[in-house]
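Worksheet: the structure to be examined is printed underneath.
The values are calculated or read from the model by the stated rules, or taken from the named source; none is laboratory data. What you see is a predicted model; the values in this text were computed from it and never measured. Here the Cβ is made from the backbone with ideal geometry for all residues, glycine too, and neighbour counts use every protein chain on show. We work out accessible area using only protein heavy atoms, side chains counted, and drop any ligands, DNA or RNA first. Shrake-Rupley method; radii C 1.70, N 1.55, O 1.52, S 1.80 Å.
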Amino acid sequence: MEPSQQQEQQTHTLGDDSSEPLPQSDDHGRERFRIVTENVTVLFDGKAAIRNVSIAIRTNKVTAIIGPSGCGKSTFLRALNRLHDIQPNARVEGRILLDGEDITTLDATLVRRRIGMVFQKPNPFPAMSIFDNVVAGLRFNGIRKRSLLEEIAEEALRRAALWDEVKDRLRAPATSLSGGQQQRLCIARALAIEPEVLLMDEPTSALDPIATAKIEELIYELKRTYTIVIVTHNMQQAARVSDWTAFMYLGELIEFDKTRKIFTNPSKRQTEEYITGRFG
Amino acid sequence: MIERRLQPSPWVEYRRRIVNALGHGVVALATVVVLFPLIAVIWYTLREGIPGLTWDFFTQLPKPVGEVGGGMANAIVGSGIVVGLASLVAIPLGILAGIFISEYASARLAAAIRFVTEVMLGLPSILLGIFAYAVVVKPIGHFSAYAGAAALAIVMLPIVIKTTEEILRLVPRHIREAGLALGIPQWVVVLRIILRAASRGIVTGILLAVARAAGETAPLLFTALNNRFWHTTLDQPIATLPVQIFTYAVAPYEDWHRQAWAGALVLIGLVLVLSIVLRLVVSRTHFEHEQ
Amino acid sequence: MAAEVSSVRTVPQGRRFAYPWRGAVGNTVFFGLCLIAGIVVLLTLLAVIAQLVVESRPSIEAFGIGFLTRSVWDPVAEEFGALPFIYGTLVSSLLALLLAVPLSIGAAVFLVEIARGWVRSVLSFLIEALAAVPSVVYGVWGIFVLVPWLLEHVSMPLAETWGEAIPLVAPPATGPSMLSAAVILAIMVTPIITSVARDVLLAIPRAQREAALALGSTRWEAIRTVIGTARWGIFGAIILGLGRALGETMAVTMVIGNDPSIHTSLLQPAYTLASVIANEFTEATTPLYVSALIEIGLVLLLTTLVVNIVARLLVWSIARRYSQQ
């Protein structure tokens with residue numbers, strides 16, 4: 001854990017509460033940092049899309065990744081649950097530690113069960129009902145017990161704040177829901193497998209303002225239970241929902257700090273230019 | 001004011017308009033002429049075939065040469081058997097190969113298999129009969145249902161592959177990723193999510209292949225051969241509807257001609273019904289595409 | 001609420017999933033199956049080609065290259081030459097294209113450029129249905145309807161009026177003939193050429209039509225520029241139709257008259273490569289006879305392979321050029 005401690009110290013010099021102690025776990029014995037990346041570089045066909053991204057993501061906090069489009073924020077997010085594995089032309093270098101374990105040493109499917117993901121566009125499985133969508137992750141991993149599936153489905157839908165809207169039509173096709181509902185369904189689907197981390201790749205970019213507000217509220221609720229990493233190109237959204245913010249530009253991590261600090265008193269010139277709207 | 005230097009003569013304009021109208025008329029006429037044979041074929045098959053569609057036709061065995069009456073019951077069942085056997089091989093193999101092209105193969109290998117599939121689609125089916133004769137009939141020493149099924153399986157294979165692959169490519173990539181992100185193993189994602197999303201289209205391909213195989217005659221002539229009786233085992237010659245129609249149509253007996261028409265009507269009915277079903281299925285298959 | 005619920009559920013990860021082994025093992029097994037299926041497909045084509053070559057060896061050794069140029073076909077004396085069949089196949093197919101191509105392209109243009117809404121979808125459906133009708137059904141219709149009709153209304157009058165002057169229509173006119181075969185082939189390849197040509201025309205971007213119209217062209221002139229752009233793809237569609245005509249078996253066998261000699265007159269019987277295999281394969285009693293028939297199959301295979309590959313490349317090149325824009 002040496003490099004991550006370095007990271008820790010670095011962020012502390014930047015943060016404004018350097019009085020916080022340094023232990024690796026909090027009062028409840030949980031890891032303080034759920035995910036730590038060390039010099040993560042992702043190459044497509046040998047060309048680097050992101051370079052040397054080192055970041056420590058705090059447990060039960062919302063971490064936002066912002067930056068102009070094409071800066072590699074989605075690429076980084078996808079590296080966290082090994083989605084680049086299925087692309088033959090992609091290569092990931094560096095280390096990604098989940099609770100201290102290098103994720104490349106774990107089975108990819110097990111990693112993905114611990115790190116859920118919500119995508120830019122709502123993507124419920126076609127030809128499946130609402131219920132089947134929510135329990136897909138469980139059912140296709142061998143859990144067949146009806147009562148358990150029903151229990152977990154209800155719980156996941158409640159957590160995703162969708163239960164009241166769909167409880168009477170769980171058998172309806174998932175595609176019959178509105179865009180915002182579909183996105184919350186996708187969140188419920190991710191929650192049903194009980195991940196520790198929830199990755200969200202611009203989860204509201206395809207939604208209208210009202211649906212967006214609902215999702216943001218939901219993120220606020222969910223962070224009590226989950227560690228959330230959200231990629232967004234909407235700076236106001238990052239400021240509203242996140243505790244920590246990383247700013248990426250041209251494939252590199254420029255600055256990572258408390259959200260308040262990033263948006264009020266950034267230490268890098270590029271960050272300041274971006275948040276004040278001078279580019280991007 | 002702009003001086004128009006290119007002032008077309010009224011005669012040229014007039015001619016252009018006539019050519020325009022004429023062109024429209026010619027292509028419309030061509031369409032009518034193209035469709036005319038279909039209408040003629042359906043009309044005559046109905047007119048000549050309906051009288052032959054008796055109860056006997058569906059329930060009786062063929063009568064010996066020269067005797068009036070009898071039916072094609074054994075040939076209808078035989079076609080079902082041979083096409084069924086062929087489907088058992090061609091459908092799983094074709095779907096797996098389609099999955100291989102769209103999910104796993106490198107771009108170059110995928111292109112190669114796709115190309116081979118297209119070439120196979122264009123092969124005269126009688127050549128597949130020769131192939132099945134050489135690899136099944138000759139080693140066993142006699143004609144059989146197996147040999148016919150082998151030939152038909154090769155007829156069906158490229159159709160199943162092509163439609164499977166094309167429909168799988170329509171399933172957006174983010175559906176695959178959503179499955180993987182849930183920690184579902186890739187093969188389960190493919191089998192339970194992608195295939196399910198594409199199921200309508202794949203069923204289309206299967207029906208298309210079955211319809212095509214059910215109407216094939218040439219590859220069966222010297223593989224399944226023919227048989228006047230009920231089939232007891234699969235390693236013996238077996239009657240099939242298309243071969244029976246061919247045999248009866250080229251024979252010099254009125255009653256057999258009547259039965260050939262009836263058989264043709266059954267085949268054409270099967271094909272048209274399947275085509276309509278396919279149309280309905282395909283028109284309802286659509287995915288939201290990635291932005 | 002969320003916090004309360006979550007405190008209840010702290011199930012260790014991984015244990016709840018019943019088959020932790022399914023991932024890796026399943027992926028490997030399933031990938032293996034798919035790979036095998038893909039390879040089987042490649043091997044099948046190779047096996048068909050190889051098998052035909054192997055089985056024709058006795059005939060190739062007996063007759064050499066002369067097999068292609070000799071016109072004797074005498075099973076009793078075991079003297080075999082493929083020329084009449086090659087001639088019959090080429091002439092019937094080319095004649096069929098002569099009839100089918102203008103009609104098909106006209107129909108494709110009508111479908112893409114003029115027909116709209118339900119007219120277009122109904123016509124497309126009918127043309128696809130036309131392509132799906134089994135060959136033997138066309139054969140039955142051909143033998144009982146088309147052949148007598150052609151004899152009475154086309155062949156006989158032609159032979160009577162022009163027979164003396166033009167060898168191509170010299171009498172005696174027979175029912176089953178090269179002409180009958182060409183007409184039934186034309187009917188059968190028309191839907192194929194039409195639907196491929198339609199797809200090619202559909203691939204041409206809309207902007208091109210609009211550009212032509214914007215320059216003051218009439219609609220017909222705009223259509224002509226589109227056809228000009230699509231010409232190689234349309235040529236591919238025609239070649240694809242040719243491939244189909246060359247290999248078509250049953251319907252042709254039933255109407256061509258099956259005479260293994262070369263007649264100049266199109267109103268007289270002929271024979272094709274596919275037909276002679278269909279008719280004589282089960283009757284072939286000696287190994288050399290069978291081998292000669294399989295060599296005929298090999299000739300047919302090589303011809304259709306070349307024709308199909310050329311056609312595919314042409315159609316694909318058009319599709320690729322415009323899909324990249």
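Table for the structure above
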quantity	calculated
The listed residue being modelled with pLDDT of 90 or more and either in a helix (DSSP H, G or I) or open to solvent by 10 Å² or more (accessible area, probe 1.4 Å) (or both), out of A:ILE219, A:ILE215	A:ILE219
Condition broken by C:GLY216, with the remaining ones in (1) more than 11 Å from chain B (Cβ to nearest Cβ); (2) over 22 Å from C:GLU55 (Cβ atoms); (3) out of contact with any helix residue (DSSP H, G or I) (no Cβ under 8 Å at 6 or more places or on another chain) satisfied	(1)
Positions within the range B:219-249 being open to solvent by 20 Å² or more (accessible area, probe 1.4 Å), within 10 Å of chain C (Cβ to nearest Cβ) and touching a Pro at 6+ places or on another chain (Cβ under 7 Å), in sequence order	B:LEU225, B:ASN226
Hits in the range C:110-135 (condition: more than 22 Å from the chain's Cα centre (by Cα) and open to solvent by 40 Å² or more (accessible area, probe 1.4 Å))	C:ARG116, C:GLY117, C:TRP118, C:VAL119, C:ARG120, C:SER121, C:VAL122
Test for A:VAL53: is it open to solvent by less than 10 Å² (accessible area, probe 1.4 Å), closer than 23 Å to A:ILE187 by Cα and within 17 Å of the chain's Cα centre (by Cα)	no
Residue check for A:LEU157: more than 9 Å from every other protein chain (Cβ to nearest Cβ), more than 30 Å from A:GLY100 (Cα to Cα) and buried (at least 20 other Cβ atoms within 10 Å of the Cβ)	yes
Failed item in (1) open to solvent by 10 Å² or more (accessible area, probe 1.4 Å); (2) on the phi > 0 side of the Ramachandran plot; (3) not polar (S, T, N, Q), with B:GLY183 passing the rest	(1)
Hits in the range C:130-149 (condition: aliphatic (A, V, I, L, M) and free of Cβ contacts under 8 Å to residues at least 12 places away in the same chain)	C:ALA132, C:VAL133, C:VAL137, C:VAL145
Search result, residues across the range A:77-97 that are assigned to a strand (DSSP E or B) and either farther than 24 Å from A:GLY67 by Cα or among the acidic types (Asp, Glu) (or both)	A:GLU93
Filter pass, B:PHE143 being aromatic (Phe, Trp, Tyr), more than 19 Å from C:ILE296 (Cα to Cα) and more than 19 Å from the chain's Cα centre (by Cα)	yes
Complete set of residues in the range A:213-230 that are away from every other protein chain (no Cβ under 14 Å) and either under 28 Å from A:ILE50 (Cα atoms) or aliphatic (A, V, I, L, M) (or both)	A:ALA213, A:ILE215, A:GLU216, A:ILE230
Of all residues in the range C:195-218 being of a type in the set (Val, Ile, Thr) and within 30 Å of the chain's Cα centre (by Cα), the one that is modelled with the lowest pLDDT	C:ILE204
B:GLU216 being within 22 Å of C:VAL140 (Cβ to Cβ) and either open to solvent by less than 30 Å² (accessible area, probe 1.4 Å) or touching a Ser or Thr at 6+ places or on another chain (Cβ under 9 Å) (or both)	yes
Residue under evaluation B:GLY49, criteria (1) modelled with pLDDT of 95 or more; (2) buried (at least 17 other Cβ atoms within 10 Å of the Cβ), criterion not met	(1)
Members of the range A:222-237 that are open to solvent by less than 20 Å² (accessible area, probe 1.4 Å) and not in a helix (DSSP H, G or I)	A:TYR226, A:THR227, A:ILE228, A:VAL229, A:ILE230, A:VAL231, A:THR232
2 or more residues surrounded by fewer than 22 Cβ atoms within 10 Å (Cβ to Cβ): qualifying helices (runs of 4 or more DSSP H) within the range C:197-304	C:206-214, C:219-229, C:231-247, C:273-280
Positions within the range A:238-253 being under 14 Å from the mean Cα position of the chain (by Cα) and either surrounded by fewer than 22 Cβ atoms within 10 Å (Cβ to Cβ) or not in a loop (DSSP other than H, G, I, E, B) (or both), in sequence order	A:ALA238, A:VAL241, A:ASP243, A:TRP244, A:THR245, A:ALA246
Residue ranges of helices (runs of 4 or more DSSP H) in the range B:100-198 with at least 3 members modelled with pLDDT of 90 or more and in contact with an Asp or Glu (Cβ under 7 Å, 6 or more places away or on another chain)	B:145-170
Filtered residues of the range A:119-137 (kept if more than 8 Å from every other protein chain (Cβ to nearest Cβ) and outside any loop (DSSP other than H, G, I, E, B))	A:SER129, A:ILE130, A:PHE131, A:ASP132, A:ASN133, A:VAL134, A:VAL135
So B:GLU67, is it more than 11 Å from chain C (Cβ to nearest Cβ) and free of Cβ contacts under 8 Å to residues at least 60 places away in the same chain	yes
Scan of the range A:144-177 for residues that are of a type in the set (Val, Ile, Thr) and either modelled with pLDDT under 90 or touching a Gly at 6+ places or on another chain (Cβ under 7 Å) (or both), ordered by number	A:THR175
Elements of type helices (runs of 4 or more DSSP H) contained in the range C:40-158, each with 3 or more residues being under 30 Å from B:PRO158 (Cβ atoms) and within 7 Å of chain B (Cβ to nearest Cβ)	C:83-109, C:117-132, C:135-141
Single unsatisfied condition, A:ARG34 versus (1) among the basic types (Lys, Arg); (2) within 16 Å of A:VAL229 (Cβ to Cβ); (3) surrounded by fewer than 24 Cβ atoms within 10 Å (Cβ to Cβ)	(3)
Selected residue (only one of A:ILE130, A:ILE103, A:ILE86 is surrounded by fewer than 18 Cβ atoms within 10 Å (Cβ to Cβ), of a type in the set (A, V, I, L, M) and more than 14 Å from the chain's Cα centre (by Cα))	A:ILE86
Of all residues in the range B:250-272 being assigned to a loop (DSSP other than H, G, I, E, B) and of a type in the set (A, V, I, L, M, F, W, C), the one that is nearest to the other protein chains (Cβ to nearest Cβ)	B:VAL250
Matching residues, the range C:64-109, being farther than 30 Å from C:PRO176 by Cα and surrounded by 21 or more Cβ atoms within 10 Å (Cβ to Cβ)	C:ALA108, C:VAL109
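So that you can scan it fast, the table gives a plain yes or no per residue for (1) away from chain A (no Cβ under 14 Å); (2) within 22 Å of B:VAL277 (Cα to Cα); (3) among the polar types (S, T, N, Q); (4) open to solvent by less than 10 Å² (accessible area, probe 1.4 Å):
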| position | (1), (2), (3), (4) |
| --- | --- |
| B:ALA151 | yes, no, no, yes |
| B:ARG169 | yes, no, no, no |
| B:LEU195 | no, yes, no, no |
| B:THR204 | yes, yes, yes, no |
